[in-house]
Amino acid sequence: MNIEQKVAETIKKYKLLKKSDKVVVALSGGKDSTSVLYILKKLGYNVEGLMIDLYLGQWSEIHNKNMIKFCREIGVPLTIVDLKKEVGQRICFIKTVLKKQKNLTGCTVCGIIKRWILNKWAKKMGANKLVTGHNLDDEAQNVLMNFLKGNILLGVNSSPATGGSGDGGSEVRGSGFGKVGTGKGEQPTADSRQPTAEGGFVQRIKPLFFIPESEIMKYAKKKKFDILYDKCPCAFGTYRVETRDWMSNISDGEKMTIVKEFQKLIPRLREGNFREIKKCKKCGEPSRGEVCSACKIFECLK
């Protein structure tokens, strides 16, 4: 598979990016986000890197060092957000407290906090597009996990383009993104959203949406990216990890079928499943309730 060509095709088909866009790429330091940053830069887009220092010991230190070096080499500005300065605690402490108080898994807590920080800082950086490194395997896992949980509506905003409705918009019930606003049977595109208003969601896009993880691994190693290929040291014993392990036994073609078939169902699932996006009364970020999920977590830390 020619990954660079596939990314370009996905961007064009779903109208994900324009050369005039200010694009921020959420970097973890792994193969997916590193590859998508490199490819978007090579394709001529105006990109910057955004990374969160989660304070996961040597693992975080190596990732930070690698990304500073990588971004310098390819001429991309990089912003690293210090989690402890941003929210007052390291991620391991936060996860321990939430496990005891709310019985939430570490991945759930980490995901909520990272989404909150990325959206907040992407707006600070003046971005109108926020790129993540989610790939085909991630999307196939989401479909299966939501099905097994008995709530497929959690995935109704699954698409190469999500969010970006701004203030006062609507969202699909069960999702964490903004108003979709596409016609029946249409695939959402980045151009179908209004520009993000202050306090709203920055448009999130996934250029690797249809690319298998195995192909991204080959690409990153071929390019000899100086990165860690290890999974997150906290990624064990969770529903996501168990699903990932099970799906490692099926082919990339089968994963593609799962994702594409679910995409066909989305327009019908969206009908009648919208609700208002509000502003969190504590932090001003977008929220489905009076208080956003991140602020509910922060409240537990006091």
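The values are calculated or read from the model by the stated rules, or taken from the named source; none is laboratory data. All values derive from a computational prediction rather than experimental measurement. Glycine gets a Cβ as well: all are built from the backbone with ideal geometry, and neighbour counts include every protein chain shown.
Annotations
- The condition of being surrounded by fewer than 15 Cβ atoms within 10 Å (Cβ to Cβ) and not in a strand (DSSP E or B) does not hold for Ser35.
- Selection from the range 1-25 of residues that are small (Gly, Ala, Ser) and within 19 Å of Pro212 (Cα to Cα): Ala8
- Test for Trp59: is it crowded, with 18+ Cβ neighbours inside 10 Å, among the aromatic types (Phe, Trp, Tyr), in contact (Cβ under 8 Å) with a residue 40 or more places away in the chain and in a helix (DSSP H, G or I): no
- Listed conditions (1) surrounded by 20 or more Cβ atoms within 10 Å (Cβ to Cβ); (2) at pLDDT 95 or above; (3) not acidic (Asp, Glu) are all met by Ala8, apart from (1).
- Within the range 88-109, the set of residues being within 20 Å of the chain's Cα centre (by Cα) and either not charged (D, E, K, R) or not in a helix (DSSP H, G or I) (or both) comprises Ile91, Leu104, Thr105, Gly106, Cys107, Thr108, Val109.
- Tallying residues that are exposed (fewer than 15 other Cβ atoms within 10 Å of the Cβ) and in a strand (DSSP E or B) within the range 276-302 yields 1.
- Under the condition of being of a type in the set (Lys, Arg) and surrounded by fewer than 21 Cβ atoms within 10 Å (Cβ to Cβ), the residues counted in the range 129-157 number 1.
- A count restricted to the range 214-250 and to residues that are on the phi < 0 side of the Ramachandran plot and not in a helix (DSSP H, G or I) stands at 17.
- Residues in the range 37-53 that are closer than 26 Å to Leu104 by Cβ and without any contact (Cβ under 8 Å) to a residue 60 or more places away in the chain: Met51, Asp53.
- Selection count where residues are within 15 Å of His134 (Cα to Cα), among the polar types (S, T, N, Q) and part of a helix (DSSP H, G or I), scope the range 1-32: 1
- Residues of the range 11-41 that turn out to be out of contact with any Ser or Thr (no Cβ under 9 Å at 6 or more places or on another chain), under 11 Å from Val76 (Cβ atoms) and not aromatic (Phe, Trp, Tyr), as a count: 4
- Pick from the range 110-135, criterion closer than 18 Å to Ser33 by Cα and of a type in the set (Gly, Ala, Ser), ranking: nearest to the chain's Cα centre (by Cα): Gly133
- Residue within the range 259-275 that is in a strand (DSSP E or B) and surrounded by fewer than 15 Cβ atoms within 10 Å (Cβ to Cβ) present: yes
- Identity of the residue in the range 136-161, assigned to a loop (DSSP other than H, G, I, E, B) and under 13 Å from the mean Cα position of the chain (by Cα), that ends up farthest from Asp32 (Cα to Cα): Asn157
- Against the criterion of being out of contact with any Cys (no Cβ under 7 Å at 6 or more places or on another chain) and either of a type outside the set (Ser, Thr, Tyr) or closer than 14 Å to Ser293 by Cα (or both), Val109 qualifies.
- Applying a threshold of 6 Å to beta carbon distances and a minimum spacing of six or more residues, or different chains, the list of pairs starting in the range 103-117 at a residue that is modelled with pLDDT of 85 or more and ending at one that is in a loop (DSSP other than H, G, I, E, B) reads Cys107/Thr238.
- Contact annotation: residue pairs with Cβ atoms under 7 Å, 6 or more positions apart or on different chains, pairing a residue in the range 206-235 that is over 23 Å from Glu73 (Cα atoms) with a partner that is basic (Lys, Arg) and surrounded by 14 or more Cβ atoms within 10 Å (Cβ to Cβ), are Phe210/Lys6; Ile211/Lys6; Pro212/Lys255.
- Residue selected from the range 224-250 under the condition surrounded by 11 or more Cβ atoms within 10 Å (Cβ to Cβ) and hydroxyl-bearing (Ser, Thr, Tyr), by the criterion farthest from Asn157 (Cα to Cα): Thr238
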